[in-house]
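To start, the structure under review is shown below, and the notes come after it.
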Amino acid sequence: MSYGVIRLGLAALTVIGLSASANPTASAADVATASNACHKGEFCLFSGAHQTGQILYRLNVKVTKTGFTFPEVDKLDPVIKPLSARNPIPDTFGCIVRLNDKAHFAGSEQEIDGFGDKELSGAPVGSMTPDCG
């Protein structure tokens, strides 16, 4: 009699195990990735190539027909090392975004020119500013 109860218990555990694996729940990493999107009008720097990975920096640029708002970032603390970017500033404004490896726009610089997705070197970014003209 106890042998039948054990077999019934094992069968129930097997069914429970199959049910759990058939309907997996979203992990915390999945939720973070889903909410970690760069939206239209946002300037974003990503930890991975091709606009993948974590968003290391995000700024709502507020582009209009006549201009945009992109405040200078005098100091990023901690310094980040992005591998890609998304730039919402249209080419018609003739602007680049300068990424300096040190605070206060000092040190070595890399530039993001033109609208859209850009690949970066992974060099440190300690400050950034738009440069138009």
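The values are calculated or read from the model by the stated rules, or taken from the named source; none is laboratory data. Just so it is clear, the model here is predicted, and its values are computed rather than measured. Cβ sites come from the backbone with ideal geometry, for glycine too, and all protein chains shown count toward neighbours. Accessible surface areas use protein heavy atoms only, side chains included; no ligands, DNA or RNA. Shrake-Rupley method; radii C 1.70, N 1.55, O 1.52, S 1.80 Å.
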(request) Compute the accessible area per residue over region 43-113, keeping the other protein chains in place, probe 1.4 Å, unit Å². (result) 55 Å²
(message) I'd like the Karplus ³J(HN,Hα) series for region 116-133: coefficients 6.51, -1.76, 1.60, θ = phi - 60°, whole numbers in Hz, and an x wherever there's a Gly or Pro.
(response) x, 7, 9, 9, 10, 8, x, 5, x, 10, x, 7, 8, 7, x, 9, 10, x
(request) Return the distance in nm (one decimal) between the two label points of a simple spin-label model at ALA37 and THR92, each offset 7 Å from Cα along Cα→Cβ. (result) 2.6 nm
(message) Apply the a/c threshold of 1.5 to the C-alpha gyration tensor of region 31-133 and tell me whether it is rounded, prolate or oblate.
(response) oblate
(request) Would you mind working out the magnitude of the charge dipole of region 85-133 relative to its Cα centre, with +1 at each Lys and Arg C-beta and -1 at each Asp and Glu C-beta, to the nearest 20 Debye? (result) 160 debye
(message) Amide H of LEU56 versus every other amide H placed in the peptide plane: which residues, excluding those fewer than 5 positions away on the same chain, fall under 5 Å?
(response) LEU45, PHE46, SER47
(request) Check the straight Cα-Cα distances from LYS118 and name the lysines below 17 Å, setting aside those fewer than 8 residues away within the same chain. (result) LYS40, LYS81
